[in-house]
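The values are calculated or read from the model by the stated rules, or taken from the named source; none is laboratory data. Just so you know, these numbers come straight off a predicted model, no measurement behind them. Because the Cβ atoms are built from the backbone with ideal geometry, glycine has one as well, and the counts that use them run over all protein chains shown. Heads up: the accessible areas ignore ligands, DNA and RNA and are worked out on the full protein's heavy atoms, side chains in. Shrake-Rupley method; radii C 1.70, N 1.55, O 1.52, S 1.80 Å.
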Amino acid sequence: STMRERKTTDPFHLGDPLHSSTDLSEGKEKLRLKQEVGLISGVSLIAGTMIGSGIFMSPEWVLHHMGNPASSLLIWAACGLLAMFGALSYAELGTIIKESGGEYIYILRIFGSFPAFLFAYTSVILVRPAGLAAVCLSFAEYAIAPFYPGCSSPQVAIKCTAAACILILTIINCLNVRLATSVMNVFTAAKLLALLVIVVGGLVLLANGQTQSFQNGFQGTTAGIGAVGVAFYQGLWSYDGWNNLNYVTEELKKPEVTLPRALMIAIPLVTCLYLLVNVSYLAAMSPSELLSSGAVAVTWGDKVLGSWAWLISLSVALSTFGSSNGTFFSGGRVCYIAAREGHMPDILSMAHVRCLTPSPALLFTSAMSLIMIISGSFTSIVNFFSFMAWLFYGMTISGLLYLKIKKPELPRSYKVPIIIPIIVLMAAVYLVLAPIIDQPQIEILYIVLFIFSGIIFYFPLVHFKYHPRCLQRVTLHLQLLLEVAPTTRDAN
């Protein structure tokens, strides 16, 4: 069939080795993704995805919504703390349910098929492609800016460059997992170096007495719950990626050790860098200059580095390319795992027989991202992406609380204090409800309607298992064309 049936009735897969899933043929070696991601690659995947376009584009929006430098720095610190709490909660989930897929697989195993399908439908069709498109558009803006000095870059050139970026990422990720992780490691090192340049430059400015931006730092603070919520959205966009390692659990070496360690290294590192970079921006620019800057990092470079300012544009381009690679790497896995569980067409659950990469899922994610590039602004994409993301984060964290209270006997190698997921759940509820209550927008209604439009597909295709015969032929021809075959689960 083109939509795969569930393979087991055990919701947490704790009683079987999980190697009885789809096989190529009876008695032959089973096909599965390799365990190629170690601690360094894990840290690079988290930090490399988190440090993308956000820290170079979001500071002005956080400052705009909060009204002053000191409160905006508090938002950045709070976002880092929230990301850390969320990641620690996910680390425990990852040691209970040792499967790839992140929120999707956790919602499926805890709450069942219907809410998991709605998440997969929303994530695969809209959220992940939109996030990837936003990062690639940011990459394109910085990459071609030097070719159009003194004027704005044409939209056609920006969109063509962003599309080329997605196609290059598709080739890299389809060829080899090790190649994709090597690209992540190299670009993560490059972007950390770029951020260190900004941090050191800011410290030099502070040492020379440029502290005007921090005088009367809390004057004019915004008090509205909606404005604070939107400021959090913009800040949390820069931290998005803290959960990426949970999407590739089956590809981790020793996941029960690697997952918590990588999170505890990467997220505090990124938080400290973000705070220091924001301080550096404010040391080089007044709040009004920062608010009027279209590209904060470039303005900083012009003021501090002079003729070497082009290094910042290059660094931002490298940073956003590395981040888009991490987003693409993990986003393709959601599509792959959802198909393996019967919530997407079966072809998307297959892997290349030689490269051992989920190439059909990656190609589908690439196609959806190319469609997203056609329209949409950076700010609007960030706001709706954050709303949908925290809606499902809240559902996942409530699942962890359910397991901690109702199923404490489940084996787990790492436990997070229960107060931490409670704090994250409260923050998720606030982030979802605050903008609706304070500044209701019609776009949020469209988002909710899109999520529930998944019902149209769920009941005929998944619940009642109606599979048109023509799709079986399409699946067979695609299998032959793409040289892919079904895979087995690997719960380590």
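Being touching a helix residue (DSSP H, G or I) at 6+ places or on another chain (Cβ under 8 Å) and either among the hydrophobic types (A, V, I, L, M, F, W, C) or open to solvent by 10 Å² or more (accessible area, probe 1.4 Å) (or both) is the requirement here; does Leu126 meet it? In short, yes. Candidates Val197, Val186: the one that is more than 21 Å from the chain's Cα centre (by Cα), assigned to a helix (DSSP H, G or I) and surrounded by fewer than 24 Cβ atoms within 10 Å (Cβ to Cβ) is Val197.
With respect to (1) open to solvent by 10 Å² or more (accessible area, probe 1.4 Å); (2) touching a residue at least 60 places away in the same chain (Cβ under 8 Å); (3) part of a helix (DSSP H, G or I), the lone exception for Leu362 is condition (1). Of the residues making up the range 448-480, those that are open to solvent by less than 90 Å² (accessible area, probe 1.4 Å) and not in a helix (DSSP H, G or I) are Ser453, Gly454, His467, Pro468. Quick one: would you say Leu431 is under 21 Å from the mean Cα position of the chain (by Cα) and at pLDDT below 90? Here the answer is yes, as Leu431 does meet what is asked.
Does the range 367-378 include one or more residues that are without any contact (Cβ under 8 Å) to a residue 24 or more places away in the chain and among the hydrophobic types (A, V, I, L, M, F, W, C)? Yes, that holds for at least one residue.
Based on this model, can you work out whether Ala83 counts as under 30 Å from Arg261 (Cα atoms), open to solvent by 10 Å² or more (accessible area, probe 1.4 Å) and modelled with pLDDT of 80 or more? For Ala83, the condition - under 30 Å from Arg261 (Cα atoms), open to solvent by 10 Å² or more (accessible area, probe 1.4 Å) and modelled with pLDDT of 80 or more - is not met. Within the range 79-107, the set of residues being within 15 Å of Val270 (Cα to Cα) and touching a Gly at 6+ places or on another chain (Cβ under 8 Å) comprises Cys79 only.
Cβ separations smaller than 8 Å between residues 6+ apart or across chains give no pair from the range 303-315 residues that are more than 14 Å from Phe139 (Cβ to Cβ) and of a type in the set (S, T, N, Q) to residues that are open to solvent by less than 60 Å² (accessible area, probe 1.4 Å) and modelled with pLDDT of 80 or more.
In summary, Cys355 fulfils each of the numbered conditions (1) assigned to a helix (DSSP H, G or I); (2) farther than 17 Å from Ala116 by Cα; (3) among the hydrophobic types (A, V, I, L, M, F, W, C) with the single exception of condition (1). The set of residues from the range 271-308 being open to solvent by 20 Å² or more (accessible area, probe 1.4 Å) and in contact with an Asp or Glu (Cβ under 9 Å, 6 or more places away or on another chain) comprises Leu291, Ser292, Gly294, Ala295, Thr299, Lys303.
Only one of the listed residues (Val135, Val156) is within 18 Å of Leu370 (Cβ to Cβ) and over 19 Å from the mean Cα position of the chain (by Cα). That residue is Val156. Checking each residue in the range 132-164 for being in contact with an Asp or Glu (Cβ under 7 Å, 6 or more places away or on another chain) and within 25 Å of Met50 (Cα to Cα) picks out only Ile158. The set of residues from the range 135-164 being touching a residue at least 40 places away in the same chain (Cβ under 8 Å) and of a type in the set (A, V, I, L, M) comprises Val135, Leu137, Ala143, Ala145, Ala162, Ala163. Does the range 406-423 hold any residues that are under 15 Å from Leu88 (Cβ atoms) and either modelled with pLDDT under 90 or part of a loop (DSSP other than H, G, I, E, B) (or both), and which are they? If the condition is that a residue be under 15 Å from Leu88 (Cβ atoms) and either modelled with pLDDT under 90 or part of a loop (DSSP other than H, G, I, E, B) (or both), then Arg412, Ser413, Tyr414, Lys415, Val416, Pro417, Ile418 are the ones that fit.
Only one of Ile55, Ile107 is of a type in the set (A, V, I, L, M), within 21 Å of Tyr336 (Cβ to Cβ) and open to solvent by less than 10 Å² (accessible area, probe 1.4 Å); which?
The unique qualifying residue is Ile107.
Looking at this structure, is Thr170 in contact with a Gly (Cβ under 7 Å, 6 or more places away or on another chain), open to solvent by less than 60 Å² (accessible area, probe 1.4 Å) and either at pLDDT 85 or above or closer than 22 Å to Ser238 by Cα (or both)? So Thr170 fails the test. Looking at this structure, is Met426 open to solvent by 70 Å² or more (accessible area, probe 1.4 Å), closer than 24 Å to Ala231 by Cα, at pLDDT 90 or above and not basic (Lys, Arg)? Criteria met by Met426.
Taken together, the residues in the range 236-255 that are part of a loop (DSSP other than H, G, I, E, B) and not acidic (Asp, Glu) amount to 5. There is at least one residue in the range 100-119 that is charged (D, E, K, R) and farther than 18 Å from Ser386 by Cα.
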